[in-house]
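What follows is one structure encoded as structure tokens, with my remarks underneath.
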Amino acid sequence: MRVVFLGPPGAGKGTQAKQEAERLRVLYIATGDELRKAISAGTPLGQKVRRYTTSGQLVPDGVIIDLVRELLTQPQGRDGVIFDGFPRTLPQAEALDALLRERGEALDAVLYFDVPAETVVERLSGRRVCRACGATYHIQYIPPKVAGKCDRCGGELYQRDDDRAETVRERLRVYAAQAAGLLDYYRAQDLLVPIQGGRSIEEVRGEVQAAMARLPAGRGDRGTVARQRLP
Ligand code: AP5
């Protein structure tokens, strides 16, 4: 299966996508996570993209497409891929189609997390991330057992630079500018599956798992997916 998790910043894409990829044992590609890893390791990629991510701007399409092309070469990708935070622009969506076509594959679905803006702001302002293993918490909804420490590895929890209020506003503006075009693109291919992302994590998980269970067994066979149409 090849599935995109699409939605505004803070919609809960990463929370659900990581769990689904682990559960289904497929490759998980999160461009934002990869960029943050590169920034904290100080690689040439990290130096190139830092100014974009800290200001809430999109990293140029060419950089992102090269990154995804490389990530797709991992062997696990043959069993399936969940894309989180990619594609974010029409050129990225077209490039993804072309990359998959070269591999004899196609997207099976695009799960669209529909979440009200006020919910997103509340989620991002309370998000904390483990510096060591990347696990995500929320000070109210998923608090760690010991404040400031990761339950999984004991690592230090921190607030992402781009989760500051002014950067969040810019990220939401940038998302809104691209979203309609992307949604039209996938709607035209009958790939969109709406997810009511504003509910509790467990409720959203149930809806995501049900959507994934309806995907066809055959790769790129779009004929048997039972999709709900968006209004
Ligand atoms: P990226 O890391 O992809 O950020 P994003 O898309 O803005 O998404 P987030 O990680 O903020 O949100 P999420 O939906 O994953 O929410 P989460 O599950 O963590 O990108 C960062 C930057 O990198 C971009 O601004 C850009 O500069 C660059 N970039 C990345 N990809 C790019 C691309 N393709 N092209 C160009 N540039 C790119 O949840 C949020 C919080 O809510 C957490 O605390 C979580 O615990 C909590 N939560 C989750 N679900 C629920 C729920 N149901 N109820 C209550 N709380 C919940």
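Projected onto planes of every orientation and averaged, the convex hull of the alpha-carbon atoms in the chain covers 12.0 nm².
Computed packing ranks the peptides 11-19, 192-200 as 11-19, 192-200, most packed first, by mean other Cβ atoms within 10 Å. In the assembled protein chains, Arg187 presents an accessible area of approximately 80 Å² (probe radius 1.4 Å). Against the chain, whose longest principal axis is taken from its Cα atoms, helix 31-41 shows a tilt of about 40°.
Name the shape class, rounded, prolate or oblate, that the alpha-carbon gyration tensor gives for the range 9-54, where a ≥ b ≥ c are the square roots of its eigenvalues, rounded holds for a/c under 1.5, and otherwise prolate holds if a/b is larger than b/c and oblate otherwise. Oblate. Given R0 = 22 Å, the distance between the Cβ atoms of Arg164 and Ala106 translates into a calculated FRET efficiency of 0.05. Each residue was assigned an accessible area with a 1.4 Å probe, and for Met1 the value is about 40 Å². Seen through its C-alpha gyration tensor, with square-root eigenvalues sorted a ≥ b ≥ c, the range 113-180 comes out prolate because a/c lies at 1.5 or above while a/b is bigger than b/c.
Using only Cα atoms, locate the centre of the range 101-116 and the centre of the range 148-171, then give the distance between them in Å, rounded to an integer. Distance between centres, Cα-based: 27 Å. Only helical runs count toward this figure. For the chain, summing -39,500 (n - 2.57) over DSSP H runs of n ≥ 4 and dividing by all residues gives -14500 deg cm²/dmol at 222 nm. Taking Cα centroids, how far is the range 75-99 from the range 181-220 in Å? Cα centroid of the range 75-99 versus Cα centroid of the range 181-220: 15 Å apart. Probing with 1.4 Å while keeping every protein chain in the model, the per residue accessible area of the chain equals 49 Å². Rolling a 1.4 angstrom probe over the range 1-150 with all protein chains present gives an accessible area of which 53% lies on carbon and sulfur atoms. Summarised in one figure, the compactness ratio Rg/Rh of the range 8-89, Cα atoms and Kirkwood Rh, is 0.96. Spread over its residues, the convex hull of the C-alpha atoms of the range 97-150 is 147 Å³ per residue.
The values are calculated or read from the model by the stated rules, or taken from the named source; none is laboratory data. On a predicted model such as this, the values are computed, not experimentally measured, just so you know. Ideal geometry is used to build each Cβ from the backbone, glycine not excepted, and the neighbour counts take in all protein chains shown. All accessible areas refer to the heavy atoms of the entire protein, side chains included, with ligands and DNA or RNA removed. Shrake-Rupley method; radii C 1.70, N 1.55, O 1.52, S 1.80 Å.
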